[in-house]
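Okay, structure first, notes after.
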Amino acid sequence: MNELARFLPTFLEGFNLSLPQNLVPVVAMFLCGSIVAAAMGLSAAVLVWAERKLAGHFQCRLGPVYVGGKFGWLQSIADGIKLFLKEDIIPTDADRPLFRLAPYLAVIGVLAAFVAFPISEHLLVADLNIGIFFILAVLTVEVFGVILAGWASNNKWSLLGAMRAAAQMVSSEIPMGLAILLPVMTAESLSLKTIVADQSGGILKWYVFQPPFFMAVAFLIFFVAGLASLKRSPFDLPEAESELTAGFHTEYSGMRFSFFFMAEYAGMLLVSGLAALLYLGGWHGILPGQSGVEWFLLKTSFLLFVMIWIRWTLPRLRIDQVVYVGWKVMTPFALVCVLGQAAAVHFRGG
């Protein structure tokens, strides 16, 4: 964003336009936010298309593979048009202000996290020295959006879905935060650029492959907890169509309904990208000296493929099983990994 703020006055001068100096940061922030929102909307559309194609191949479904042209991309365009034209209904007994606010909170919380999300060493909005802390902080806003959606709908299924979401997110975000402590301790920084820079020098420098391999366990915990926090199968209990008729977003339609799915797919991209940055070397390649955006996109795309693969392969768990895994399996293992990596860092430094 700082680079854009410096470039903006020069760009406007080429069109014989000027901008007051005190408005330059505001306009630069607005442009960065618009670019991030547009990129996330496009990414969500691409991920929806990819998930349908992969689901069609995994489960031998003819529709997603062939409908909508040779590659099926017309189906996503048709769905987008349908959501734009669909009637936006608010239940009579719903809490109307909170009902309207909930989907915006859900999507804003995820989009704001991309402010501190680097794609390469030079391609990022803001290089925050507390980047990972900022991302974890703003992601909590999405939780409020989901809970408000269930509460404001005045629907028992929606309320049950919201309560499930609250219990599930708390039980998954604690082990996720503990797993993030390992790369933070090793790099001695909360900056994602610094964490990635510490993994340069080839595949053996990536944290996930470094002995004593506490990082490998932390990577698995982070990824599984990320699936639970995203409410993705097999942890999609807050929606659970077969028992809660879509859960917290049962009463939503039209574009407000699509905001929840945009938040989910943007969250998938965020969790996969964070896993690549924290454990898989980010934009660094498998050989020393290799670096570039293509490496980061390749790693992120692979993790997104695994997320989709898991969704269309595994059955849904029960809510008590999800909470049990979060509190009694992932959290103790994450604590052991934190203590073990802390000891490894201490003796390595000593």
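Values quoted throughout were computed directly from the atomic coordinates according to the rules given, and no laboratory measurement underlies them. None of the values given here were measured: they were computed from a predicted structure. Positions of Cβ are generated from backbone atoms using ideal geometry, with glycine treated the same way; all protein chains shown enter the neighbour counts.
The ranking of SER242, SER171 by Cβ neighbour count inside 10 Å, starting from the fewest, reads SER242, SER171. How much FRET efficiency would the formula 1/(1 + (r/R0)^6) give for MET255 and SER301, where r is the Cβ-Cβ distance and R0 is 35 Å, rounded to 0.05? Computed FRET efficiency for MET255 and SER301: 0.80.
Using a ≥ b ≥ c from the Cα gyration tensor of the range 257-300 (square roots of the eigenvalues), is it rounded, prolate or oblate, where a/c under 1.5 gives rounded and otherwise the larger of a/b and b/c decides, a/b for prolate? Cα axes put the range 257-300 in the prolate bin. Let's test the formula: R0 of 25 Å, r as the Cβ-Cβ distance of LEU287 and ASP127. What FRET efficiency results, to the nearest 0.05? For R0 = 25 Å, the calculated efficiency reads 0.45.
Across all directions, the shadow cast by the convex hull of the range 50-202 built on its C-alpha atoms averages 13.4 square nanometres. Quick check: the distance between the Cα centres of the range 180-246 and the range 247-326, to the nearest angstrom? The range 180-246 and the range 247-326 have Cα centres spaced 10 Å from each other. The slack between VAL345 and ILE77, meaning 0.36 nm per residue of separation minus the straight C-alpha distance, is 91.4 nm. Taking amide H as placed 1.01 Å from N in the peptide plane, SER291 has its amide H under 5 Å from the amide H of GLY285, each at least 5 places away in sequence or on another chain. The charge dipole of the range 89-345, taken about the Cα centre with unit charges on the Cβ atoms of Lys, Arg (+1) and Asp, Glu (-1), comes to about 240 debye, rounded to the nearest 20.
Arranged from fewest to most other beta-carbon atoms within 10 Å of their beta carbon, ARG96, ARG52 become ARG96, ARG52.
Each residue of the range 320-326 was assigned a 3J(HN,Hα) from its phi angle through the Karplus curve 6.51 cos²θ - 1.76 cosθ + 1.60 (θ = phi - 60°); the sequence is 5, 5, 4, 5, 4, 4, x Hz, with glycine and proline shown as x. Among rounded, prolate and oblate, which fits the range 275-346 when a ≥ b ≥ c are the square roots of the eigenvalues of its C-alpha gyration tensor, a/c under 1.5 means rounded, and a/b larger than b/c means prolate? Taking the square roots of the gyration eigenvalues as a ≥ b ≥ c, the range 275-346 is oblate.
Here the convex hull built on the C-alpha positions of the range 191-275 has a volume of 110 cubic angstrom per residue. Exposure proxy ranking for GLU87, GLU173, GLU239, based on other Cβ atoms within 10 angstrom of each Cβ and starting from the fewest, stands as GLU87, GLU173, GLU239. For the range 89-345, count all C-alpha to C-alpha pairs, find those more than 25 Å apart, and express that count as a whole percent of the total. Within the range 89-345, distances greater than 25 Å cover 44 percent of Cα pairs. Provide the net charge surrounding GLY161, with neighbours chosen by a C-beta distance below 12 Å and charges set as Lys +1, Arg +1, Asp -1, Glu -1. My count for the surroundings of GLY161 gives -2.
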